[in-house]
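None of the figures in this text is laboratory data; all of them are computed from the coordinates on show. Here the structure is a predicted model, which is why all the values come from computation and not from measurement. Note: ideal-geometry Cβ built from the backbone for every residue, glycine included; neighbour counts use all protein chains shown.
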Amino acid sequence: LNLALSGLKGKKGLKQTFKIRHTQTAEGKIAVAREALGLANAYLDEFDLLAKSMIEKEITQKQFNDIILKAYPMPEKDSKGSMKKWNDKIELIQNIYTGQFNNTISGTAWGALNAMTERLDWYRNSRGENKESIYASASGFDPVINAEKNRLMNLVLASV
């Protein structure tokens, strides 16, 4: 959902965040809940429109390859195994895109975005013993990962 919110700022008075004020009354708590639900419903409506439009935009394998290369350009030189890491990343994204769980949306802008964001959510490596960054990235609460997903979405949308 965070992915869809990046382009909504300023649209129809929607904002990506809101504050919940502390209130002691039941009526106040209900009003806050209604506001939150109203925002969530508005965001979901916008997300639904975005997803449908991306599903309807067909792309070729060449277009998908070009999108990947724009997102992740080939390293200019192979330092510290950067070429192998890059090749592994590109191959993984291609495998996700053409894999059995993406077969109903491959060939679409939505499938392209899904393949690249799925790599971020499920195929990250942790640094050291701390696995928290992996869980945070898939949760939707990591601002760095959300920014990267928004960058990828904008790149896909600009490419189709």
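Return the FRET efficiency for the residue pair L120, I30: r is the Cβ-Cβ distance, R0 is 30 Å, and the value is rounded to the nearest 0.05.
That pair, L120 with I30, gives E of 0.20.
Placing dummy labels 7 Å off each Cα toward the beta-carbon, the span from N154 to E56 is 2.5 nm.
Over the range 58-160, the pair-distance histogram of Cα-Cα distances with 5 Å bins from zero comes to 2, 13, 21, 22, 22, 14, 5, 1, 0 percent, rounded to whole numbers.
For GluC sites (Glu not before Pro), the sites in the range 91-149 that DSSP calls loop and that have at most 10 other Cβ atoms within 10 Å are E129.
Full extension of the chain segment joining D66 with Q100 gains 10.0 nm, where the gain is 0.36 nm per residue of separation less the Cα-Cα distance. Sparsely packed loop sites in the range 20-90 (the GluC sites (Glu not before Pro) outside DSSP H, G, I, E and B with at most 16 other Cβ atoms within 10 Å) comprise E76. Taken one residue at a time, the phi angles of the range 134-144 give Karplus couplings (6.51, -1.76, 1.60, θ = phi - 60°) of 5, 5, 5, 5, 7, 6, x, 10, 9, x, 5 Hz. Gly and Pro are set to x.
Under 5 Å between amide hydrogens, built in the peptide plane, is the criterion, and for T108 it picks out I59 among residues at least 5 positions away or on other chains.
For the range 58-160, the number of Lys pairs separated by eight or more positions or lying on different chains, with C-alpha atoms closer than 21 Å, is 14. Shown in residue order for the range 34-44 are the 3J(HN,Hα) couplings computed by the Karplus curve 6.51 cos²θ - 1.76 cosθ + 1.60 at θ = phi - 60°: 5, 4, 4, 5, x, 5, 4, 5, 5, 5, 5 Hz (x for Gly and Pro).
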